[in-house]
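So the structure is just underneath, and the comments pick up after that.
The values are calculated or read from the model by the stated rules, or taken from the named source; none is laboratory data. A quick note: this is a predicted structure, and the numbers were derived from the prediction, not measured. Don't worry about glycine lacking a Cβ; one is built from the backbone with ideal geometry, like all the others, and counts go over all protein chains shown.
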Amino acid sequence: MPNSDVASSAQPNFGYPKQLRIRKKAVYQAIYAHGLRYFTAHFIVYLRPTSGDATRHTGMAVSRKIGSAVRRNRLKRLLREYFRLHFDELPKADIVIVAKKQAHDKLGLNEVWAELALLFQKNDLLSGTHL
């Protein structure tokens, strides 16, 4: 019988940790009320600068207007993957991405990445100097 500790330690964890996610309604509302807004074709991005070395958090809002649960969950997976792979490059801010009604299931990972990367580069947000 294989040792479960050895098997679990051999598998790297590629998940997006819950402590980096925004999970409270009050935090979402504070970011909506006091954050900076940026628009793309499919998303509204809210940024609220973090102070000092505070941990950055990310969140997303995908309403039922997007479509079925399958479509909404797929879009959330794409956004989480973007956050996970680009976390170190993101602005030093709490970030909430809201999907517009036009964000549909034809969006792929490359389209999401290109749209968000262009937004952050165009507004010089990657350096964190304009927050």
Exercise for review: Only residues that are within 15 Å of residue 125 (Cα to Cα) and either without any contact (Cβ under 8 Å) to a residue 12 or more places away in the chain or surrounded by fewer than 16 Cβ atoms within 10 Å (Cβ to Cβ) (or both): list them for the stretch 51-105, please.
Suggested key: 86, 87, 88, 89
Exercise for review: Check off (1) among the basic types (Lys, Arg); (2) farther than 18 Å from residue 40 by Cβ; (3) at pLDDT 90 or above for residue 76 and give me the number that stays unchecked.
Suggested key: (2)
**Study point:** Those residues of the stretch 1-19 which are in a helix (DSSP H, G or I) and at pLDDT 70 or above, in sequence order
**Key:** 18, 19
Exercise for review: Return yes when residue 108 is more than 12 Å from the chain's Cα centre (by Cα), on the phi > 0 side of the Ramachandran plot and either surrounded by 15 or more Cβ atoms within 10 Å (Cβ to Cβ) or free of Cβ contacts under 8 Å to residues at least 60 places away in the same chain (or both) and no when it is not.
Suggested key: no
Practice item. Return the total of residues in the stretch 26-50 being crowded, with 18+ Cβ neighbours inside 10 Å and among the charged types (D, E, K, R). Key: 1
Practice item. Look at the stretch 76-99 and say how many of its residues are in contact with a strand residue (DSSP E or B) (Cβ under 7 Å, 6 or more places away or on another chain) and within 14 Å of residue 62 (Cβ to Cβ). Key: 7
Practice item. With the condition kept exactly as written, say whether any residue in the stretch 114-123 is surrounded by fewer than 18 Cβ atoms within 10 Å (Cβ to Cβ), without any contact (Cβ under 8 Å) to a residue 60 or more places away in the chain, farther than 22 Å from residue 14 by Cα and of a type in the set (S, T, N, Q). Key: yes
